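The values are calculated or read from the model by the stated rules, or taken from the named source; none is laboratory data. Just so it is clear, the structure is predicted and the values come from calculations on it, not from any experiment. As a convention, Cβ positions derive from the backbone with ideal geometry for all residues, glycine included, and neighbour counts pool all protein chains shown. Protein only, heavy atoms only, side chains kept; ligands, DNA and RNA dropped before computing areas. Shrake-Rupley method; radii C 1.70, N 1.55, O 1.52, S 1.80 Å.
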Amino acid sequence: MDDAEVLELFERESHGKVTDADRDRLRRLQVTLDQCWDLLRQRRARRAAGLDPGEARVRDAKTVEGYTG
């Protein structure tokens, strides 16, 4: 999926013109984005603790989506 496809999908969603398939795709994109943010936070925390940030790993969707704050 390229940038234009992602932007088009978000545009359709903002106008209430999404299909069930679009909603599913948006949900998968959100989970992937959350995993990327989690990985970045892990890397920063490891670096701040004097550990190797390269040892951070992508966590599964259930773990990342289960955070409560």
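The table below gives the values:
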{"quantity": "Test for GLY16: is it open to solvent by less than 70 Å² (accessible area, probe 1.4 Å), assigned to a loop (DSSP other than H, G, I, E, B) and at pLDDT below 95", "calculated": "yes"}
{"quantity": "Test: GLN35 is open to solvent by less than 70 Å² (accessible area, probe 1.4 Å) and in a helix (DSSP H, G or I)", "calculated": "yes"}
{"quantity": "Yes/no for VAL6 being of a type in the set (A, V, I, L, M, F, W, C) and either modelled with pLDDT under 90 or touching a Gly at 6+ places or on another chain (Cβ under 8 Å) (or both)", "calculated": "yes"}
{"quantity": "Filter result for the condition that a residue is outside any loop (DSSP other than H, G, I, E, B), surrounded by 13 or more Cβ atoms within 10 Å (Cβ to Cβ) and charged (D, E, K, R), over ARG28, ARG23, ARG43", "calculated": "ARG43"}
{"quantity": "Single residue of the range 46-60 satisfying the filter (in a helix (DSSP H, G or I) and open to solvent by 90 Å² or more (accessible area, probe 1.4 Å)) that is nearest to LEU9 (Cα to Cα)", "calculated": "GLU55"}
